[in-house]
Amino acid sequence: LIEKGRENLILQSNQFDTSPWALSGASVASGQSGYDGSSNAWLLESTNTTSLLYQNISSSNVQTFSCYAKAGTADYLAIYVSTGARTWFDLSNGTIGYQNSTIDRQIQDVGNGWYRCSISYNASISDVRFYVSDTNNSFVSAIGSNILIQSAQLEIGLAATDVISTGATTGK
């Protein structure tokens with residue numbers, strides 16, 4: 001058997017308060033109950049009407065960007081990449097909202113209100129972003145709106161695979 005190698009291109013895949021992650025109009029708090037029963041989830045909260053967590057990264061071809069997420073006081077997570085590929089995920093009922101420029105988008109129920117959300121696209125990108133959103137197809141959220149996130153992954157290919165945790169280097 002020949003198995004294709006996998007790599008998580010995101011650095012600090014679950015350490016959202018550390019470089020190369022950056023915040024704009026948002027704050028993060030660690031130690032939240034995660035999808036896997038750990039205390040490794042993060043509260044992503046709006047401190048401005050447009051709130052995002054992002055990482056600058058250069059990557060190209062067919063890729064999939066994903067994370068685990070759960071509704072907090074906000075219902076939507078928007079996943080966005082710098083070329084404009086984006087999708088809104090309704091974390092209150094597990095449905096996919098507005099999407100643009102994606103090959104595929106998935107929301108998978110993993111239990112206890114948690115979902116694995118992913119978008120696949122074919123593009124050269126310079127950053128990846130998570131937005132807290134109160135409504136579908138809007139980047140706007142009220143100050144104090146929040147969601148839970150855990151385990152970001154960017155990989156080459158058309159599907160989100162098992163998470164490979166990373167630190168200061170990519171995970172293979």
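The values are calculated or read from the model by the stated rules, or taken from the named source; none is laboratory data. What you are looking at is a predicted structure, and each value in this text was computed from that prediction instead of being measured. A quick note on method: Cβ atoms are made from the backbone with ideal geometry, for glycine too, and the neighbour counts reach across all protein chains shown. For the accessible areas, the whole protein counts, side chains as well, though only heavy atoms, and no ligand, DNA or RNA atoms are used. Shrake-Rupley method; radii C 1.70, N 1.55, O 1.52, S 1.80 Å.
Yes or no, residue by residue, for (1) farther than 25 Å from Ser59 by Cα; (2) charged (D, E, K, R):
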residue: Leu9; (1), (2): no, no
residue: Asn14; (1), (2): no, no
residue: Ser33; (1), (2): yes, no
residue: Asp36; (1), (2): yes, yes
residue: Ala41; (1), (2): yes, no
Problem set entry | strands (runs of 3 or more DSSP E) wholly inside segment 26-130 containing at least 2 residues that are more than 23 Å from Arg6 (Cβ to Cβ), open to solvent by 30 Å² or more (accessible area, probe 1.4 Å) and free of Cβ contacts under 8 Å to residues at least 40 places away in the same chain | 26-32, 95-100
